[in-house]
Amino acid sequence: MPSVLILNGPNLNLLGTRQPEVYGATTLADIEALCTDAAQRLGLSVAFAQSNHEGVLVDHIHAAKGTHDAIILNAGAYTHTSIALMDAVTSVDLPMVEVHLSNIHAREGFRHTSHIARVAIGQICGFGPKGYLMALDALAERLVTP
Ligand code: CA2
């Protein structure tokens, strides 16, 4: 069964606890449960990781090679700053979908740039937690043979 790593970056561990007007009331644990359910229906297995540290996120991406078949990445604010994460994704040569809860293009100018987008097969943003399910759906179409 194809396996997908769902990797979340800095501050996303705080989801559902602060700024619900921007990021909603759903916690990261809720998102994990929703994704686990959806993945089962789609014929995928999923693994989750979150870190507030750029180098740890790079390590997770490297470790995905040979372990997982694709990555869903919400790199948080590192999306807008990290060449290291972009290079890490390139180095593992796995399909990666970029996800954001908020519509980064409708927010402050500094959020309009994504280094992750250059190496993603696609970007999903603005749909809240549903974005992760949309990404799983898109990956299932590529990875699961009917
Ligand atoms: O919309 C997204 O998913 C973001 O990746 C979230 C990042 C932000 O820097 C990106 O521009 C867009 C921030 C995550 C912060 O999450 C918090 C959750 C609760 C309370 C405070 C922060």
### Summary
Looking across the stretch 9-21 at residues that are among the polar types (S, T, N, Q) and without any contact (Cβ under 8 Å) to a residue 24 or more places away in the chain, the single one that is farthest from the ligand (Cβ to nearest atom) is T17
### Query
Within the stretch 124-133, how many residues are within 11 Å of the ligand (Cβ to nearest atom) and in contact with a helix residue (DSSP H, G or I) (Cβ under 6 Å, 6 or more places away or on another chain)?
4
#### Entry: Residue ID - surrounded by the most Cβ atoms within 10 Å (Cβ to Cβ), chosen from residues in the stretch 131-146 that are among the aliphatic types (A, V, I, L, M) and touching a strand residue (DSSP E or B) at 6+ places or on another chain (Cβ under 7 Å)
A135
#### Entry: Hits in the stretch 29-53 - residues which are more than 23 Å from Y78 (Cβ to Cβ) and touching an Asp or Glu at 6+ places or on another chain (Cβ under 9 Å)
A38, L42, L44
### Query
Does A49 meet the test of being within 12 Å of the chain's Cα centre (by Cα), under 23 Å from H115 (Cβ atoms) and surrounded by fewer than 19 Cβ atoms within 10 Å (Cβ to Cβ)?
yes
### Task
Identify all residues within the stretch 112-133 that are of a type in the set (G, A, S), part of a helix (DSSP H, G or I) and either under 17 Å from I83 (Cβ atoms) or touching an Asp or Glu at 6+ places or on another chain (Cβ under 7 Å) (or both); write none if there are none.
A117
### Query
In the list G24, G76, which residue meets the criterion of being at pLDDT 95 or above and within 16 Å of the ligand (Cβ to nearest atom)?
G76
### Task
Evaluate the stretch 56-73: report whether one residue or more is within 12 Å of the ligand (Cβ to nearest atom), under 19 Å from I104 (Cα atoms) and either surrounded by 13 or more Cβ atoms within 10 Å (Cβ to Cβ) or small (G, A, S) (or both).
yes
### Query
Can you tell me which of I116, I104, I6 is among the aliphatic types (A, V, I, L, M), more than 10 Å from the ligand (Cβ to nearest atom) and surrounded by 13 or more Cβ atoms within 10 Å (Cβ to Cβ)?
I6
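The values are calculated or read from the model by the stated rules, or taken from the named source; none is laboratory data. Everything quoted here is computed from the prediction, not taken from an experiment. Positions of Cβ are backbone-derived with ideal geometry, glycine not excepted, and every protein chain shown enters the neighbour counts.
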